[in-house]
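K.L.:
Please see the structure below; I have some questions.
The values are calculated or read from the model by the stated rules, or taken from the named source; none is laboratory data. Not measured: the values here are computed from a predicted model. All Cβ positions, even for glycine, are placed from backbone atoms using ideal geometry, and neighbour counts span all protein chains on display. Just so you know, the surface numbers come from the protein's heavy atoms only, side chains and all, with ligands and any DNA or RNA stripped out. Shrake-Rupley method; radii C 1.70, N 1.55, O 1.52, S 1.80 Å.
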Amino acid sequence: MERPNQKSILSIPSNFMSATPSPLVSLRPYQLRARSMEQGIAALIQRRQSGKSFVLGIIGLEWMMESVCSVLFMSASLRLGIENIRKEAEVWRYVTAQLRARLASDPHFKLTTSADDDAGSLLDVDAIADLFEHQRLETRLYHDNASYSRSVVMAPNPDTAVGWTGHTILDEVGRMPDFRACFEAAEPFVSSNPMFKLRMSTTPPPDDTHASYEMLAPQTDEAFPVNPRGNFYESQSGITVLRVDAWDAHAAGVPLYDSKTRKPVTPEDHRAKAIDKIAWDRNYACKFLKGGTAAISLTDLTHACAQGRGECMGVDVTEHLGIAA
């Protein structure tokens with residue numbers, strides 16, 4: 001389910017100029033595909049540093065522009081969540097600057113914002129993101145004087161999430177300590193209203209006992225063809241996943257750089273020089289690898305640590321104490 005012919009909502013309205021409007025934000029082929037997905041619940045499995053946070057910011061902003069709504073951002077840590085606000089600020093600033101530049105010669109239109117400095121120019125991205133952050137991590141986009149959309153960023157706390165409703169974006173789910181509970185809290189939003197959507201993104205988790213492994217791994221060890229738009233597959237739980245590995249991103253013009261020469265290299269050469277090839281296979285080849293790092297899931301360990309805090313005693317054993325090795 002895609003919208004292949006849909007123009008980006010981040011385009012100049014046609015009445016602003018006589019020429020055909022052009023998009024204000026240039027997206028990579030797989031990013032365009034990600035923002036056109038219409039499923040109620042869908043996921044992005046992408047190689048590290050390939051722009052998934054940016055496209056999540058685009059998706060969240062478009063949802064806010066399409067209708068009056070709330071968009072809830074949850075990430076593996078609040079700091080990662082704040083990064084989404086910065087991405088949203090980057091998109092907002094870029095689009096606003098482009099609109100202002102194109103309207104400069106038209107006396108009938110004038111664009112002002114609450115993020116203008118004393119000279120009437122936009123503040124830098126960090127300053128705009130700081131404005132967002134100090135509104136309790138809430139961004140408001142007014143549709144008129146009385147109604148607005150908002151996005152809220154919070155730590156992945158399922159107890160807090162249940163008090164919300166609206167669109168939901170879960171970022172870096174493979175490293176959320178309580179991902180299963182967060183998903184449980186967010187899924188009813190989508191089931192209660194056909195307008196709401198849920199998007200998840202991550203690289204494959206380092207532990208195959210993590211809930212995201214069971215939920216998002218492919219059903220088989222199939223080989224995916226190189227595609228600059230990424231490849232779709234149905235996960236073990238029946239969730240539609242858009243997969244973008246290092247080869248797909250490379251075909252889309254996203255390079256990898258040698259750690260010494262700093263020159264662009266192929267994915268094959270980059271892996272050949274990787275210190276930790278298992279980590280490379282997860283983070284760049286997007287492989288769901290069997291063989292977790294613990295016999296007990298990360299979620300269970302986190303719960304045990306939380307429940308035992310202040311009630312347990314730790315012992316640091318540095319000698320064999322007479323026990324044979």
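K.L.:
Kirkwood hydrodynamic radius (Cα pairs, Å) of the stretch 140-224?
P.N.:
On the way: mean 1/r = 0.0686 Å⁻¹.
Its Kirkwood hydrodynamic radius stands at 14.6 Å.
K.L.:
What is the local net charge at Leu122, summed over the other residues whose Cβ is closer than 10 Å to its Cβ (Lys, Arg +1; Asp, Glu -1)? Walk me through the numbers on the way to the answer.
P.N.:
Numbers: positive: Arg93, Arg100; negative: Asp116, Asp117, Asp124.
Neighbourhood net charge equals -1.
K.L.:
Assuming R0 = 45 Å, can you tell me the calculated FRET efficiency for the pair Asp126 and Gln219, based on Cβ-Cβ distance, to the nearest 0.05?
P.N.:
Numbers: r = 43 Å, r/R0 = 0.96.
Step by step, r from the Cβ atoms, then E = 0.55.
K.L.:
Related question: Modelled label-to-label distance, Asp159 and Arg140, 7 Å Cα→beta-carbon offset: nm?
P.N.:
2.9 nm
K.L.:
Right, next: Tell me the carbon and sulfur percent of the accessible area for the stretch 191-255, rounded to whole percent, probe radius 1.4 Å. Can you show the working numbers first?
P.N.:
Details: 1370 of 2670 Å².
Within the stretch 191-255, the accessible surface is 51 percent carbon and sulfur.
K.L.:
Shifting gears a bit: Where Lys and Arg each count +1 and Asp and Glu each count -1, what net charge lies around Val190 among other residues with Cβ under 13 Å from its Cβ?
P.N.:
Value of the local net charge: -1.
K.L.:
I would also like to ask the following. Excluding ligands, DNA and RNA, what is the solvent-accessible area per residue of the stretch 145-212 at a probe of 1.4 Å, expressed in Å²?
P.N.:
38 Å²
K.L.:
OK, next. Percent of accessible area on the stretch 134-189 owned by carbon and sulfur, 1.4 Å probe? Please list the in-between numbers first.
P.N.:
Values: 1310 of 2750 Å².
Carbon and sulfur atoms account for 48 percent of the accessible area of the stretch 134-189.
K.L.:
Another question, then. Taking a temperature of 20 °C and a viscosity of 1.002 mPa s, what whole-number D in µm²/s does Stokes-Einstein yield for the stretch 144-183 with Rh from Kirkwood over alpha carbon pairs?
P.N.:
On the way: Rh = 11.8 Å.
In µm²/s, the coefficient is 182.
K.L.:
If each residue of separation counts as 0.36 nm, what is the full-extension length gain between Gln49 and Ala279 once their alpha-carbon separation is subtracted?
P.N.:
Details: separation 230, 0.36 × 230 = 82.80 nm, distance 1.43 nm.
Value of the extension gain: 81.4 nm.
K.L.:
In nm, to one decimal, how far is the modelled label at Thr266 from the one at Ser237, with both set 7 Å along Cα→Cβ?
P.N.:
About 3.7 nm separates the two model spin labels.
K.L.:
Then there's this: Please give the net charge around Ser237, taking every other residue with its beta carbon less than 14 angstrom from that of Ser237, where Lys and Arg add +1 and Asp and Glu add -1.
P.N.:
Overall, the nearby charge balance is -3.
K.L.:
What FRET efficiency comes out for the pair Arg309/Ser105, r = Cβ-Cβ distance, R0 = 45 Å, nearest 0.05? All intermediate terms of the calculation are to be shown ahead of the outcome.
P.N.:
On the way: r = 63 Å, r/R0 = 1.40.
Given R0 = 45 Å and the Cβ-Cβ separation, E is 0.10.
K.L.:
Let me ask you something else. List the pairs from Lys52/Lys263; Lys52/Lys273; Lys52/Lys287 whose alpha-carbon separation is above 21 Å, in the order I gave them. Spell out each step's value before the answer.
P.N.:
Numbers: Lys52/Lys263 23 Å; Lys52/Lys273 25 Å; Lys52/Lys287 17 Å.
Among Lys52/Lys263; Lys52/Lys273; Lys52/Lys287, the Cα-Cα distance tops 21 Å for Lys52/Lys263; Lys52/Lys273.
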